[in-house]
Amino acid sequence: MAQDWAAVARAIDARLAELNWRQRELAERAQVSVAIVRELHRNTAQRRRNARTLEALSVALSWHPEHLDAVLRGGTPPDRGQPASSPVDPVTARLTSIDRRLAAIERRLDDLAARDG
């Protein structure tokens, strides 16, 4: 299946401009690393991503959770109010949430260490 990472980059770029956000703000809201946002926004690394990463970015951008995945695959993104195509396993959802929170804590600790260092 073809993947259009350039289309994902354009979609993120347009939405960041609409919201007047920087990459860091999107990363914090989606609880993903700034490096991932940078790679996707600039289309510098075309590699397979965890579906939850694209979902977290879509939600942070106030889109349907499957928006960026649809853009990636050349489809029409679903309207925000449409149900997700597959139900989310509650254990997986909780683990993902914990994972994101730990990543946010790690980024904050790194920032503190950089300031003190």
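For the condition surrounded by 11 or more Cβ atoms within 10 Å (Cβ to Cβ), under 13 Å from the mean Cα position of the chain (by Cα) and modelled with pLDDT under 80, what is the one hit in Arg100, Arg52? Break it down into steps so the answer makes sense when it comes.
Numbers: Arg52 fails: modelled with pLDDT under 80.
Step by step, each of Arg100, Arg52 is checked, and only Arg100 is surrounded by 11 or more Cβ atoms within 10 Å (Cβ to Cβ), under 13 Å from the mean Cα position of the chain (by Cα) and modelled with pLDDT under 80.
State all residues of region 15-35 that are in a helix (DSSP H, G or I) and surrounded by 15 or more Cβ atoms within 10 Å (Cβ to Cβ); if no residue qualifies, say none.
So in region 15-35, the residues in a helix (DSSP H, G or I) come out as 15-19, 23-30, 34-35.
Passing the criteria: Arg15, Leu16, Gln23, Glu25, Leu26, Ala27, Glu28, Arg29, Ala30, Val34.
Cβ-Cβ below 8 Å, separation at least six or inter-chain, first residue in region 22-47 and over 15 Å from Ala104 (Cβ atoms) and touching a residue at least 12 places away in the same chain (Cβ under 8 Å), second among the β-branched types (Val, Ile, Thr) and surrounded by 14 or more Cβ atoms within 10 Å (Cβ to Cβ): which pairs?
Gln23/Val34; Gln23/Val37; Leu40/Val8; Leu40/Ile12; His41/Ile12; Asn43/Val8
Which of the residues that make up region 45-65 are assigned to a loop (DSSP other than H, G, I, E, B), over 18 Å from Leu19 (Cβ atoms) and touching a helix residue (DSSP H, G or I) at 6+ places or on another chain (Cβ under 7 Å)?
Kept after step one, since they are assigned to a loop (DSSP other than H, G, I, E, B), are these residues of region 45-65: 45-50, 61-65.
Next cut, over 18 Å from Leu19 (Cβ atoms) only: 45-50.
If the condition is that a residue be assigned to a loop (DSSP other than H, G, I, E, B), over 18 Å from Leu19 (Cβ atoms) and touching a helix residue (DSSP H, G or I) at 6+ places or on another chain (Cβ under 7 Å), then Ala45, Gln46 are the ones that fit.
Got a number for residues in region 66-79 being touching a helix residue (DSSP H, G or I) at 6+ places or on another chain (Cβ under 6 Å) and assigned to a helix (DSSP H, G or I)? Before you say what the answer is, go through the steps one by one.
First pass over region 66-79, keeping only residues touching a helix residue (DSSP H, G or I) at 6+ places or on another chain (Cβ under 6 Å): 67-69, 71-72, 77.
Okay, now just the ones that are also assigned to a helix (DSSP H, G or I), so 67-69, 71-72.
Total satisfying the criteria: 5.
Just to be sure before I move on: is Ile105 at pLDDT 80 or above, among the β-branched types (Val, Ile, Thr) and exposed (fewer than 14 other Cβ atoms within 10 Å of the Cβ) in the structure I sent? Step through it out loud before you land on a result.
Numbers: at pLDDT 80 or above: yes; among the β-branched types (Val, Ile, Thr): yes; exposed (fewer than 14 other Cβ atoms within 10 Å of the Cβ): yes.
Yes; evaluated as a whole, the condition is true for this residue.
The values are calculated or read from the model by the stated rules, or taken from the named source; none is laboratory data. As the structure is a prediction and not an experimental result, all values here were calculated from the model. All Cβ positions, even for glycine, are placed from backbone atoms using ideal geometry, and neighbour counts span all protein chains on display.
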